[in-house]
Structure formats: structure tokens, C-alpha cells
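J.: Shown below is the structure under consideration.
The values are calculated or read from the model by the stated rules, or taken from the named source; none is laboratory data. Because the structure is a prediction, the values reported are computed rather than measured. Positions of Cβ are generated from backbone atoms using ideal geometry, with glycine treated the same way; all protein chains shown enter the neighbour counts. Side chains are part of the model used for accessible areas, which takes the heavy atoms of the whole protein and leaves out ligands, DNA and RNA. Shrake-Rupley method; radii C 1.70, N 1.55, O 1.52, S 1.80 Å.
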Amino acid sequence: MTGSDDKILELLEESGVALNKKGLEVNFELEDEGISYSTIKRRLPMLEESGLVEQVREKGSYYRITQKGQQYLAGDLDASELER
């Protein structure tokens, strides 16, 4: 897990909506987070493999945080417990 992973999960949780990669990038730009589109594109599949996010619509690639992702952010799930 990286700091970018945590920020992606936090944004998805705080917004409460499904976002695509471009939507994540725009929101990070607005918040001056400095997370690039290429980082988002690279990390989302890893987060999905770990069960922390799920793709809810294939067309446009929209993602939302899962219950497991919320447990991770709450500290109820350690990164070492994540499947890879």
C-alpha cells in the first residue's frame, strides 16, 4: 500500500460516490494533492485486486470503495491482511 492508495480510498469514501480515473484526477488537482492520472491508472487495479475498491460500471470505468476498503481506512484491517 502507498500513500496514494490511502488518498484514493479516502476520496472515494468521503465523496460517497463512484468515480472514474479522470474524476479522481480532477478532484486531486482541485485539492492540490499531486496524484497524477498515471498513478491513479496504475494503482486502481491493485486496489481492486486487494478488494478495497470495486468497478461498478465497465463503460467509463467507475469505481467505489468497498466495505473492506472502509475497514482498512478505519484501521480494522491491516495492509498485511490484504490479498494480492
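J.: Counting only helical runs of four or more DSSP H residues, what would the 222 nm mean residue ellipticity of the chain come to if each run contributes -39,500 (n - 2.57) and the total is spread over all its residues?
T.: -16000 deg cm²/dmol
J.: Averaged per residue, what accessible area in Å² does the stretch 1-45 show with a 1.4 Å probe, protein chains only? Could the numbers behind the result be given before it?
T.: Values: 2470 Å² over 45 residues.
Roughly 55 Å² per residue, with all protein chains present.
J.: Another question, then. May I ask for the net charge around Ile35, where only other residues with Cβ less than 12 Å from the Cβ of Ile35 are counted and Lys, Arg are +1 while Asp, Glu are -1?
T.: Details: positive: Lys7, Lys21, Lys41, Arg42, Arg43; negative: Asp5, Asp6, Glu10, Glu25, Glu29, Glu31, Asp32, Glu33.
So the surrounding residues net to -3.
J.: Quick one: pull the percent of accessible area on the stretch 1-57 belonging to carbon and sulfur, 1.4 Å probe, ligands and nucleic acids left out. Don't skip to the answer; put the middle values down first.
T.: Numbers: 1330 of 3090 Å².
In the stretch 1-57, the share of accessible area belonging to carbon and sulfur is 43 percent.
J.: How large is the dipole of the stretch 6-53 about the Cα centre if only Lys and Arg carry +1 and Asp and Glu carry -1, each at its Cβ, rounded to the nearest 20 debye?
T.: My answer is approximately 320 debye.
J.: Tell me the net charge near Lys21. Cut-off is 11 Å between Cβ atoms, Lys21 excluded, with +1 for each Lys or Arg and -1 for each Asp or Glu.
T.: Local charge sum for Lys21: +3.
J.: Taking +1 at the Cβ of each Lys and Arg and -1 at the Cβ of each Asp and Glu, which of Ala74, Leu9, Gln55 sits farthest along the dipole of the chain towards its positive end, judged by Cα position relative to the Cα centre?
T.: The residue sitting most towards the positive pole is Gln55.
J.: Could you tell me the largest-minus-smallest coordinate of the C-alpha atoms of the chain on each of the three principal axes, in descending order and whole angstroms?
T.: 31, 28, 22
J.: Oh, and also: Under 8 Å for C-alpha pairs, at least 6 residues apart: give me the relative contact order for the stretch 1-50, rounded to a whole percent.
T.: Answer for the stretch 1-50 is 37 percent.
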